[in-house]
Amino acid sequence: MTCRFSLFDSVPLMRPRSTLLIATATAFASGLTAQQPDTARVAPMVITATRVPLGRDESPATVDIITGEQLRLRGITSLSTALEVLPGVTFARTGSFGGNTSLFVRGGESKYVKVLIDGVAVNDPGGAIDFGSLTTDNIERIEVVRGPASVLYGADAVTGVIQIFTRRGHGAARTIISARTGNYGTTDADATVLGPFANGDLSLGVARHDTRGIYPINNALHNSIGSGAVHVALDANTDLRFSARYGDEAYHFPTNGGGDIVDSAAFQTLERTVLGAELERRLGRVTTRLSVASNSTSGGSNQPSSGDYVSIDRTRRRSADLRADIPVVDATVLTAGAQLEQEDERSESHSVFGTSEFSSIFEAARRNAAGYAELSSRLPAAVVITAGLRHDDNERFGKFDTYRVGGSWSPLRGSRIRASVGTAFREPTFLENYSTGFVTGNHALRPERTRSWEVGFRQSLADDRLELGVTHFDQRFRDMIDYTGSDKACGASYCNVALATAKGREFEVRYTPFRALTVDANLTHLETKVLAPGFDTSSSGLYLRGQSLIRRPTTSWTLGGAYTTSIGSVDVHVIRVGERGDRDFRPFPFVAVIDSAYTRTDVGATLALARLNPRFATTELTLHAENLFDTQYASVFNFLSPRRTLLIGARTSF
């Protein structure tokens, strides 16, 4: 597992005046003119929730879709920034751009969300993933499923699944180039080639992101991305898809684990290669798919001021999945499949504290075999039912069974009631199982597990121009893993001890008075509570009986609007994150603290140059303003967060 640490910096800020930013945004907006009302809407199809295409409005699971066009309109290059406008989703980032970024979906742990790129799992074994290293380059769309999904995706899909789809080469061949620059020494550049060939299509993309960061010293981020996808029709009944994504990141940070500036030379690196291929064959009414996947990471950290800590890590996940979609009766499909996965990791670390020296080297591997089945059925009276089972057999923790049952019903035109219940699990990390040296692993750990249910209602009004939704969810997390230095429990190691709940409500509103304008809002009220504590019952503990899980806001909301015409576009999102319990990790024992609530406003805009000069018919200016009103806030206690960030550039195609 590649370790990424929370150490970042603070900086003299380059602050353009608010009036300049507002004037710039106004200039972009002034050229926009409304188009004729057009309220026709086709419900998008999603595949992540059930693996067979199902309308988003029909799905018993809660699903959100973010399109690549929305990402490019908002000027977003960070996946975390793209996702934080969704209900039930919050982030905690330690410092500058590229800082260690944790995702919490519906109050679950940061290791409870499975992330896929074109079907390839990119989490480290055990669910860990740093969203600070994930970008939105060359993306067609993102599907986000909230709720347990281990039935289809196995370990770590506890509170949700995020699947990223690489851009397709539909339409005429074209090349798209964009570049922008702004404060904090930030520069972004990317190029994408899209187009058809023979019996298929392809996309190829490269991108580079650089910034000197928000702290005064040692805070640079350099990130290079390469990606591509090829889709080929081998014959009338056979399709082959291949995708690849490569990232090479170097992040420099001056902070220690408590957020203090202590180091002018610390850095960490991460190199990731994601490869996936899928062969689809239609045999009469049956569709079979064979998928193979590989995700490998290598990197490490060098922290001279933290006991001369040095780590080198390499992790690989390789898998094969064979499944078939079998029509049973009209409008009923059985998806049955089998999966094999091999995980391995080699980790080395060395540190010195005073006269004590600690070294750890471990190399471990484990295999998992699974079989799963899910039935999806459209019944009369606008009823959709899904039911699934999965059996995992892991050579480390043994056998584990999960299930999910859900249904949706449309009793009246424009209304949809849905409900689901299911279980899921997170496998232990290699560190929790096998670590040596100062911290020792526990070979007898059980997976963390959850039982969850939800019920929701969605109503469309005014010819689908207005959409209202509400969802109630309830989750219970068991066998949560905590570390103890005492040898009286399970040895000085990790143990399954804690129990917690996370429940709440998500409210959503979307209004489209005419095609050019969309206004949306959502609010999440979350209640988390520890029912059985971890080993440390002092204020230092992360799992304290009766208290909330740390860094989860009770209330969060987003208000946004997008106005788009052939002349240009403006997108504004206001993000509110409420108070969160946290820990000050500088003293020992740690001290319980509260992170203050904050409100951040982000603006994205484009302006087509065709009106100014016909020679620039395929060129547009771009603007991205993050934290427009220069709010001072801390996402994580004692770590700085970026103040006003302004990026201006251009995008052209030919």
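The values are calculated or read from the model by the stated rules, or taken from the named source; none is laboratory data. Owing to the predicted nature of the structure, the values given are computational and were not obtained by experimental measurement. Counting neighbours? That spans all protein chains shown, and the Cβs are built from the backbone with ideal geometry, glycine included.
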Checklist entry - What are the residues in the stretch 611-632 that are touching a strand residue (DSSP E or B) at 6+ places or on another chain (Cβ under 8 Å) and touching a residue at least 40 places away in the same chain (Cβ under 8 Å), if any? => result 620, 621, 622, 623, 624, 625, 626, 628, 629
Next on the checklist: For the stretch 270-277, check the following and say yes or no: at least one residue is closer than 30 Å to residue 584 by Cβ, assigned to a strand (DSSP E or B) and among the polar types (S, T, N, Q).
Outcome noted: no
Checklist entry - at pLDDT below 95, more than 27 Å from residue 648 (Cα to Cα) and outside any helix (DSSP H, G or I) - does that describe any residue in the stretch 145-154? => result no
Next on the checklist: With the requirement that a residue be within 13 Å of residue 638 (Cα to Cα), basic (Lys, Arg) and surrounded by fewer than 17 Cβ atoms within 10 Å (Cβ to Cβ), what does the stretch 576-595 give you?
Outcome noted: 586
Checklist entry - In the stretch 615-654, which residue that is aromatic (Phe, Trp, Tyr) and out of contact with any Leu (no Cβ under 8 Å at 6 or more places or on another chain) is modelled with the lowest pLDDT? => result 654
Next on the checklist: For a quick check of your reading: which strands (runs of 3 or more DSSP E) sit entirely within the stretch 351-467 and have at least 1 residues that are in contact with a helix residue (DSSP H, G or I) (Cβ under 8 Å, 6 or more places away or on another chain) and within 27 Å of residue 121 (Cα to Cα)?
Outcome noted: 356-379, 383-394, 398-409, 415-426
Item to check | Selection count where residues are touching a residue at least 24 places away in the same chain (Cβ under 8 Å) and in a strand (DSSP E or B), scope the stretch 160-192 | outcome: 21
Item to check | First in the stretch 571-592 and on the phi < 0 side of the Ramachandran plot, second anywhere and of a type in the set (Phe, Trp, Tyr), Cβ under 6 Å, 6 or more apart | outcome: 576/557; 577/598; 582/637; 583/590; 584/637
Checklist entry - When the stretch 99-122 is examined, which residues are found to be of a type in the set (Val, Ile, Thr) and either under 21 Å from residue 246 (Cβ atoms) or more than 9 Å from the chain's Cα centre (by Cα) (or both)? => result 101, 105, 115, 117, 120, 122
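Under the condition of being of a type in the set (A, V, I, L, M, F, W, C) and over 14 Å from the mean Cα position of the chain (by Cα), which residue from the stretch 45-70 is surrounded by the most Cβ atoms within 10 Å (Cβ to Cβ)? Walk me through it before giving the result.
First pass over the stretch 45-70, keeping only residues of a type in the set (A, V, I, L, M, F, W, C): 45-47, 49, 52, 54, 61, 63, 65-66.
Next, only the ones that are over 14 Å from the mean Cα position of the chain (by Cα) stay: 45-47, 49, 52, 54, 61.
Details: 45: 13, 46: 24, 47: 14, 49: 28, 52: 17, 54: 24, 61: 26.
Across the stretch 45-70, the extreme among qualifying residues is 49.
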Checklist outcome for this item: The lone condition residue 541 fails out of (1) surrounded by 20 or more Cβ atoms within 10 Å (Cβ to Cβ); (2) outside any loop (DSSP other than H, G, I, E, B) is (2)
Checklist entry - Would a scan of the stretch 497-507 turn up a residue that is surrounded by fewer than 16 Cβ atoms within 10 Å (Cβ to Cβ) and closer than 22 Å to residue 548 by Cβ? => result yes
Checklist entry - Just to be sure, is residue 514 surrounded by fewer than 15 Cβ atoms within 10 Å (Cβ to Cβ), in contact with a Pro (Cβ under 9 Å, 6 or more places away or on another chain) and not charged (D, E, K, R)? => result yes
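Can you name the residue in the stretch 561-584 that is hydrophobic (A, V, I, L, M, F, W, C) and part of a strand (DSSP E or B) and, of all such residues, is farthest from residue 604 (Cα to Cα)?
Quick first cut of the stretch 561-584, residues hydrophobic (A, V, I, L, M, F, W, C) only: 562, 567, 570, 572, 574-575, 577.
When the remaining residues are screened for being part of a strand (DSSP E or B), the result is 562, 570, 572, 574-575, 577.
On the way: 562: 9, 570: 6, 572: 7, 574: 12, 575: 14, 577: 20 Å.
Restricting to residues being hydrophobic (A, V, I, L, M, F, W, C) and part of a strand (DSSP E or B), the top hit is 577.
Quick grid of which residues meet (1) at pLDDT below 95; (2) under 28 Å from the mean Cα position of the chain (by Cα); (3) polar (S, T, N, Q):
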| residue | (1), (2), (3) |
| --- | --- |
| 251 | no, yes, no |
| 259 | no, yes, no |
| 267 | no, yes, no |
| 271 | no, yes, no |
| 274 | no, yes, no |
| 282 | no, no, no |
| 287 | no, no, yes |
| 292 | no, yes, no |
